[in-house]
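Colleague: Please see the structure below; I have some questions.
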């Protein structure tokens, strides 16, 4: 059997990092972890080829070579996925489709031969057995969440690590929280499932041997969902890193409550976790209560961010506008002040959406407020439901927030607030690598020389501020300006939409 695995192209969004890639000379942000894992689950005797449309083209010759096409995708890859499906159908090749793209239903994928709804660890063996007998069904749906200790090491040899800005690995799936707008409950469950420490480190070894270095995203719904096991794993991860000279700088996703766990944050820093993505969402306590974000209630969120910065970690965060309890008169400036005062430089603000599978979707559908399926695009200005405030005010307010926090002046001010609270002395001392130096030189060229006059002015102010007052955090300051170049492009596109 000849098997072609195809990863569709992403839209340009906050998470695509497309405008950042020219600084690091990479083709795409992250490798297709899911497809590489599926490839490892297929029979070894089969011939396999992977095409990631974010780094290369899919040719008709690729499709003609294969006996069937495996494709995994997210909602933001829908347009590209449908184009691929059409091409495969035209050339008479069957498609097997899976991933979160199917969360909103599979009626729109009539040409697809087989659909996998849920995680592949339970589905794929049944499909392969049925296919062997010539009895493969069209739809396979996981009836429960699998033990991810059964998940194999991805076939990293199928891609070139040099194409990607960051590696990608999983420690766990699932999250114990019940945020109303989040679909993790239906996708991965509320009981966090973790890999064995041996398995996780073996996957890191495989990535290290494949040639990955530098940035590494641990793609968990909640890295500390199983706090006890994560603490133990971090201690072993620190040993693994130290033995190899700290080849990876990890980014994780965690709740704001880690600010209460000083020892946990110290363990993260010791393992060279650099960035932590937090779901701060909103400064409005009524809106937090509305969406059941209870872990953020009755806290000083800005003070918590400062604690995390002081520990040597770099907080990033997502924010949401459009809750029923958001005041049309104040939500714009409350959100801007909240983001600016926190010093969270990498701030992703989106309009509230109600994806299928969330409690929010169920509530809005019951109330007759649902308009359409969520697009999955975190830069979509329009909610997929009827908001409590006039939609024109919500959209204009959202654009005002984005335009303000990513203007060069406000962005520079936020970098300064971050540098003032950040404590790089806590971090492991690692020599700056060649790629980071080259990224700095490219930032001088693209921002410091050929950026807009405002971008140039605040770029050089950042450089001189860091050199004069925060020299030990100079690399972080440069990185923030590079991130800013991406976000400012996204902000411009949002304002024009």
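Read-outs: derived from the displayed coordinates by stated rules, not from any lab. What you see is a predicted model, and the numbers here were worked out from it, not measured in a lab. Positions of Cβ are backbone-derived with ideal geometry, glycine not excepted, and every protein chain shown enters the neighbour counts.
Colleague: What angle do you read, to the nearest 10 degrees and between 0 and 90, between the alpha-carbon axis of helix 301-310 and the longest principal axis of the chain?
Modeller: 90 degrees
Colleague: Here's something else I'd like to know. State the extension gain, in nm to one decimal, for the chain segment bounded by residue 297 and residue 117, taking 0.36 nm per residue of separation less the distance between their alpha-carbons.
Modeller: 61.4 nm
Colleague: Shifting gears a bit: Kirkwood Rh over Cα pairs of the stretch 314-394 into Stokes-Einstein at 20 °C, 1.002 mPa s: D in µm²/s?
Modeller: Details: Rh = 13.6 Å.
Stokes-Einstein gives a translational diffusion coefficient of 157 µm²/s.
Colleague: Does anyone have the angle between helix 78-90 and the longest principal axis of the chain? Alpha-carbon axes, 0 to 90°, nearest 10?
Modeller: The angle comes out near 20 degrees.
Colleague: Next question. Under a point spin-label approximation (7 Å from Cα along Cα-to-Cβ), what is the residue 257-residue 392 distance to one decimal in nm?
Modeller: A separation of 4.3 nm, rounded to one decimal place.
Colleague: Give the peptides 248-259, 371-382 in descending order of average Cβ contacts within 10 Å, highest first.
Modeller: In decreasing order of mean packing, 248-259, 371-382 become 248-259, 371-382.
Colleague: Ratio of the stretch 236-379's C-alpha Rg to 2.2 N^0.38 Å, to two decimals? Numbers along the way, then the final one.
Modeller: Working: Rg = 17.6 Å, N = 144, 2.2 N^0.38 = 14.5 Å.
Relative to the rule-of-thumb radius for its length, the stretch 236-379 sits at 1.21.
Colleague: Peptides 27-40, 209-222: what's the order by average Cβ count within 10 Å, highest mean first?
Modeller: Working: 27-40: 22.5, 209-222: 18.9.
For the peptides 27-40, 209-222, the packing ranking is 27-40, 209-222.
Colleague: Right, another one. Inverting the mean 1/r over all pairs of different Cα atoms, compute the Kirkwood radius of the chain and quote it in Å.
Modeller: Numbers: mean 1/r = 0.0422 Å⁻¹.
About 23.7 Å for the chain.
Colleague: Across every pair of different alpha-carbon atoms, what Kirkwood hydrodynamic radius in Å does the stretch 427-496 reach?
Modeller: Values: mean 1/r = 0.0776 Å⁻¹.
Result for the stretch 427-496, one decimal place: 12.9 Å.
Colleague: Expressed as a rounded percentage, what relative contact order does the chain have, with Cα pairs under 8 Å and six or more residues apart? Present the calculation step by step, with values, prior to reporting the outcome.
Modeller: Values: 874 pairs, mean separation 66.1, N = 497.
RCO, the chain: 13 percent.
Colleague: Further question on the same structure: At 7 Å along the Cα-to-beta-carbon direction for both residue 325 and residue 420, put a label point, then send me their distance in nm to one decimal.
Modeller: Going from the residue 325 label point to the residue 420 one covers 3.0 nm.
Colleague: What is the extension gain from residue 149 to residue 209, computed as 0.36 nm multiplied by their sequence separation minus the C-alpha to C-alpha distance, in nm to one decimal?
Modeller: Taking 0.36 nm per residue and subtracting the Cα distance, the gain is 19.5 nm.
Colleague: To continue, here is another question. When DSSP beta bridges are limited to those with both residues in the stretch 2-141, what percentage is antiparallel, rounded to the nearest 5? Spell out each step's value before the answer.
Modeller: On the way: 0 of 20 bridges.
Here the share of antiparallel DSSP bridges comes out near 0 percent.
Colleague: Could you work out the equivalent-ellipsoid semi-axes for the stretch 2-141, taking the square root of 5 times each eigenvalue of the Cα gyration tensor, largest first, in whole Å?
Modeller: Numbers: eigenvalues 125, 53, 45 Å².
After diagonalising the Cα gyration tensor, the semi-axes are 25, 16, 15 Å.
Colleague: Same structure again: Above 24 Å lies some portion of the pair distances; for the stretch 125-237, what is it as a whole percent of all C-alpha pairs? Could you put the intermediate results ahead of the total?
Modeller: Values: 2579 of 6328 pairs.
I get 41 percent for the Cα pairs in the stretch 125-237 exceeding 24 Å.
Colleague: Have a look at the DSSP beta bridges in the chain and tell me what percent are antiparallel, nearest 5. Don't jump to the answer; show the numbers that get you there.
Modeller: Details: 3 of 46 bridges.
Of those bridges, close to 5 percent are antiparallel.
Colleague: So what's the back-of-envelope 222 nm ellipticity for the chain, counting only DSSP H runs of four-plus at -39500 (n - 2.57) apiece and dividing by all residues, rounded to 500? Can you show the working numbers first?
Modeller: Values: 18 runs with 206 residues, N = 497.
The helix contribution divided over the chain gives -12500 deg cm²/dmol.
Colleague: Also, quick follow-up: Highest mean first, how do 266-278, 126-138 rank when packing is the count of other Cβ atoms within 10 Å averaged over residues?
Modeller: On the way: 266-278: 21.2, 126-138: 11.8.
Answer by packing, highest mean first, reads 266-278, 126-138.
Colleague: Cα axis of helix 197-210 to longest principal axis of the chain: angle in degrees, 0 to 90, nearest 10?
Modeller: 90 degrees
Colleague: I would also like to ask the following. Residue 68 to residue 242: extension gain in nm, 0.36 nm per residue of separation minus the Cα-Cα distance?
Modeller: Values: separation 174, 0.36 × 174 = 62.64 nm, distance 4.34 nm.
Taking 0.36 nm per residue and subtracting the Cα distance, the gain is 58.3 nm.
Colleague: Where the centroid of each part is defined by its Cα atoms, how far is the stretch 160-189 from the stretch 237-295 in Å?
Modeller: Answer, in whole Å: 14.
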